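First comes the structure, then the notes that go with it.
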Amino acid sequence: MISLLKKLIIYKSDTPTGANEALQFCANWLEKQGIDVNLHQNNGFDILTAEIGQGADCLIWNGHVDVVPAAIEQYTPFVDGDLLYGRGAAEMKAGVAAMMFSFVELSNQLTSCLDAFNFIW
């Protein structure tokens with residue numbers, strides 16, 4: 001997951017274009033993991049949805065990859081000791097990477113749970 005987060009941090013996602021590029025990265029990564037994704041548009045921003053499982057109960061995960069503007073060097077992730085630094089590393093890019101990774105793990109390993117729950121990301 002840390003490798004995935006590092007790749008996501010690199011995207012200068014402080015504009016609609018940059019955020020859409022970061023979201024396309026997410027879509028491509030999920031598709032390579034065997035997850036079907038759908039892309040939608042809202043006011044110039046791409047939105048990604050993906051769904052696994054089935055059932056009456058539903059768990060929805062929500063996140064964003066856009067960030068506020070920052071110095072260009074903040075889009076270069078680096079590790080210092082046990083800490084990862086970079087734009088979004090302590091906020092939603094980390095959350096999105098965790099959701100993506102977990103979504104794939106659930107899809108691959110918890111098929112019995114997926115019959116009871118509908119997971120949407």
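Laboratory data are not the source of any read-out in this text; all were calculated from the coordinates shown. What you are looking at is a predicted structure, and each value in this text was computed from that prediction instead of being measured. Methodologically, a virtual Cβ is constructed for each residue, glycine included, from the backbone with ideal geometry; neighbour enumeration extends over all protein chains shown.
Brief remarks on what is shown
- Considering only Trp61, Gln74, Phe25, and ranking their Cα positions along the charge dipole of segment 1-112 that arises from unit charges at the beta-carbon of Lys, Arg, Asp and Glu, the one farthest toward the positive end is Gln74.
- Packing, as the average of other Cβ atoms within 10 Å across residues, places the peptides 2-11, 23-32, 73-82, 91-100 in the order 91-100, 2-11, 23-32, 73-82, highest first.
- Only beta bridges with both residues in the chain are counted; by DSSP, about 75 percent of them are antiparallel.
- Only Lys, Arg, Asp and Glu carry charge here, each on its Cβ (+1 for the first two, -1 for the last two); on that basis the chain has a dipole of about 240 debye about its Cα centre.
- Going from the residue with the fewest nearby Cβ atoms within 10 Å to the one with the most, Ser107, Ser13 rank Ser107, Ser13.
- Per the Kirkwood formula applied to alpha carbons, the chain shows a radius of gyration over Rh ratio, Rg over Rh, of 1.00.
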